[in-house]
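The structure appears right after this line, and notes come after that.
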Amino acid sequence: KRAKESGRSEVYQPAAFTIARAQFAMETELRHAVEEKRLRLHYQPICDLASGRITKFEALARWRTQDGREISPTEFIPVAEESGLIVPLGRWAIEEAASTLAGWDRAAGGNSGVRMAVNLSAIQLQRDTVVDVIERTLTAAGLTGDRFTLELTESVMVSDPDRIADTMLALKGLGATLALDDFGTGYSNLAYLQKLPIDILKIDRSFVTGMLADRDKLAIVRAILGLAQALGMRTTAEGVETIELGQTLGALGCNYGQGYVYARPLDAAAAWSMLAERNA
Ligand code: C2E
Ligand code: CA
Ligand code: CA
Ligand code: CA
């Protein structure tokens, strides 16, 4: 009764309301951060398991709020997707990743020999402008399309599969490589694998972590590797945290590995140093 009289939210506050308000506060803060280009990208190497060379870096968004809190992309990317902010955020990530790669090429005095992988959300892919944005960004940075990999998740398939297939073909037309991210965690309809021009399957970390001690996980990883081979796709294992895991995955025929055993996501300068050292 007191709550009603004072109307003070601290006195009576349903949990759902609190959560909605926190979401909205994060959305507002994120909008400003995107507008003012206060997000950063970190870059995590992806290594060829046979040669140990770095073939690619995955660009991962980082956000430190103005009061100094580091917020995980697992928190702010869903907020960006629900609010539509993923479109300007994603566009910024494409431009920033291209500019970093062009910088590495200049520092190498030519082609630095690595590619850049950028995450594309299903919402971005549904916009027909995404192909244009990528094409114009690459041209402006002086990069050819084959230097970019686009990582998509299985959630792209929930919307119009034919249209998505067209957009993916247009991205392939630029010369880009397409990777299916978090494979095995999403929608279980495998029919789309035949229909879509996917080059690489990324095996989700949840199957890789602990696969040496868990026969079921190992069986799933083997099955995904077999499926990819049969369909002529290459494979990247996520979450490679030990040398032994990398060796086993390589022996099983997995092409690439990504994980803390090689490096955590690094800022551009540290990623460049690692590249110069490892691939020298
Ligand atoms: P993801 O695309 O699956 O990226 C890999 C995540 O696994 C990254 O988390 C990376 O830091 C983490 N990781 C890499 N190696 C290891 C390992 O050995 N062990 C463990 N435990 N984790 C490892 P991060 O950076 O927190 O990103 C989380 C997710 O946020 C990404 O998952 C991706 O879905 C999304 N994301 C990040 N940046 C962007 C972006 O620019 N655009 C979009 N659409 N999504 C993004
Ligand atoms: Ca990814
Ligand atoms: Ca992934
Ligand atoms: Ca994952």
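The values are calculated or read from the model by the stated rules, or taken from the named source; none is laboratory data. Being a predicted model, the structure only gives us computed values, none of them experimental. Quick reminder, even Gly has a Cβ in these numbers, built from the backbone with ideal geometry, and neighbours come from all protein chains shown. Accessible surface is based on the protein model in full, side chains and every heavy atom, while ligands, DNA and RNA are left aside. Shrake-Rupley method; radii C 1.70, N 1.55, O 1.52, S 1.80 Å.
Kindly indicate which of T248, T167 is hydroxyl-bearing (S, T, Y), more than 20 Å from the chain's Cα centre (by Cα) and assigned to a helix (DSSP H, G or I).
It is T248.
Of the residues that sit in the range 190-205 and are outside any loop (DSSP other than H, G, I, E, B) and modelled with pLDDT of 95 or more, which one is farthest from ligand 4 (Cβ to nearest atom)? Explain how you work it out, then say what you get.
Looking only at the range 190-205, we keep the residues that are outside any loop (DSSP other than H, G, I, E, B), and these are 191-195, 200-203, 205.
With modelled with pLDDT of 95 or more added as a condition, the list becomes 200-203, 205.
Working: I200: 14, L201: 12, K202: 7, I203: 9, R205: 5 Å.
Out of the qualifying residues, it is I200.
For the range 126-144, how many residues are of a type in the set (D, E), over 23 Å from S112 (Cα atoms) and open to solvent by 80 Å² or more (accessible area, probe 1.4 Å)?
Number satisfying all stated conditions: 1.
Could you pull out the residue among G253, G226, G259 that is without any contact (Cβ under 8 Å) to a residue 60 or more places away in the chain, closer than 18 Å to E58 by Cα and either outside any helix (DSSP H, G or I) or out of contact with any strand residue (DSSP E or B) (no Cβ under 9 Å at 6 or more places or on another chain) (or both)?
G259
For the structure I just gave you, tell me whether T209 is at negative phi and away from ligand 2 (no atom under 14 Å from the Cβ).
Working: at negative phi: yes; away from ligand 2 (no atom under 14 Å from the Cβ): yes.
Yes; evaluated as a whole, the condition is true for this residue.
Being within 30 Å of A280 (Cβ to Cβ) and open to solvent by 30 Å² or more (accessible area, probe 1.4 Å) is true for just one of L41, L60. Which residue is that?
L60
I need the full set of residues from the range 103-133 which are touching a residue at least 40 places away in the same chain (Cβ under 8 Å) and part of a loop (DSSP other than H, G, I, E, B), in order please.
Within the range 103-133, S112, G113, V114, S121, R127 qualify.
Checking A251 against (1) open to solvent by less than 10 Å² (accessible area, probe 1.4 Å); (2) hydrophobic (A, V, I, L, M, F, W, C); (3) out of contact with any Asp or Glu (no Cβ under 8 Å at 6 or more places or on another chain): exactly one of these is not met. Which one?
(1)
Applying the selection to the range 183-242, what residues are under 23 Å from V156 (Cα atoms), within 12 Å of ligand 1 (Cβ to nearest atom), hydroxyl-bearing (S, T, Y) and open to solvent by 30 Å² or more (accessible area, probe 1.4 Å)?
Scanning the range 183-242 gives T185, S206.
Give just the number: which of (1) over 16 Å from F148 (Cα atoms); (2) open to solvent by 10 Å² or more (accessible area, probe 1.4 Å); (3) more than 10 Å from ligand 1 (Cβ to nearest atom) does S99 not satisfy?
(1)
For the range 102-123, enumerate the residues that are within 16 Å of ligand 4 (Cβ to nearest atom) and open to solvent by 50 Å² or more (accessible area, probe 1.4 Å).
N119
Residues being touching a residue at least 24 places away in the same chain (Cβ under 8 Å), open to solvent by 20 Å² or more (accessible area, probe 1.4 Å) and either farther than 28 Å from L275 by Cβ or over 14 Å from the mean Cα position of the chain (by Cα) (or both): count how many of those fall in the range 67-81.
Qualifying residue count for the region: 2.
Name every residue in the range 212-245 that is among the polar types (S, T, N, Q), within 16 Å of ligand 2 (Cβ to nearest atom) and out of contact with any Leu (no Cβ under 6 Å at 6 or more places or on another chain), in order of residue number.
Passing the criteria: only T236.
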